[in-house]
Amino acid sequence: MSLPAQSALRLSVTDRCNLRCRYCMPSTGIRKKSREELLSWEELIRTLIFQPLGITTVGFGGSAAGNQIDQPWQHRFDDGVYVPVPAEELEPPYIGPCGLIQISLPDWAKFIIMHLKGEEGGSPLLKPETFKILHTPPFQTGHPDYALGWGISDYHGTTVLVHNGTNMDSHKNMVCSSMAWTAPERDFGFLIATTAGYENAATGEACGVVCEMRHIEPCLSGYCIVADI
């Protein structure tokens, strides 16, 4: 008798899994580790990703935490005016793994360069075939232009990988945005970081100018800082 194909797989990364499957759980059970014995996701990502890549300028949560004046502040667009938003007014910490990481442009570039070089064996973290999986849409229907974290498009015959996102304040106002645009076949990419969300036409126009200068389709708006990588 053949078994039906499975479309989902559940993995537990700690000993807190509540399924107690017989194939991995001894009949006598196991001793659960205390919270102090487990690494937080911040500790895990620092140890497993940032440190091997030489990334040191990482923070968690909003920028300018503690109302620092020497760090970029995020802004919301309120009645025609850009209003600074304190880091403490961003989404709560449990959203952190979805994007509440602050990083300098040079260090962000190190992470993106890893993806540019990855399929050619230029990464200390993953095998080339693993990068190929990350950069290839897993489904032919539904979202055929979406890989594992990357939007896939064609730009003049070259495959382009794009990842963008925004942070929001506690009232769901977009307050900052960023985008990574990479073309591994050309060994080229660039980053755009903004200090405002992209719902305002003026910031959209500004970012469109930057994109035009780099000969790409404008696809993000905001006050832009661009770094070729």
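Here are the numbers for the structure shown:
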| quantity | calculated |
| --- | --- |
| Among residues of the range 148-165, those that are free of Cβ contacts under 8 Å to residues at least 60 places away in the same chain and within 27 Å of G62 (Cα to Cα), counted | 8 |
| Within the range 125-137, tally of residues that are part of a loop (DSSP other than H, G, I, E, B) and over 19 Å from the mean Cα position of the chain (by Cα) | 1 |
| Filter result (among the hydrophobic types (A, V, I, L, M, F, W, C), modelled with pLDDT of 85 or more and crowded, with 16+ Cβ neighbours inside 10 Å) within the range 74-100 | V85 |
| Selection from the range 24-49 of residues that are of a type in the set (A, V, I, L, M, F, W, C) and farther than 18 Å from Y94 by Cα | C24, M25, I30, L48, I49 |
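A quick yes/no check of all residues on (1) over 24 Å from the mean Cα position of the chain (by Cα); (2) at pLDDT 70 or above; (3) farther than 21 Å from N167 by Cα; (4) of a type in the set (D, E):
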site	(1), (2), (3), (4)
M1	yes, no, yes, no
Q6	yes, no, yes, no
R10	no, no, yes, no
S27	yes, yes, yes, no
I30	yes, yes, yes, no
E37	yes, yes, yes, yes
E42	no, yes, no, yes
V58	no, yes, no, no
S63	no, yes, no, no
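The values are calculated or read from the model by the stated rules, or taken from the named source; none is laboratory data. Note that the structure is a prediction, hence the values are computed from the model and not measured. Note that we place each Cβ from the backbone using ideal geometry, even for glycine, and neighbour counts take in every protein chain shown.
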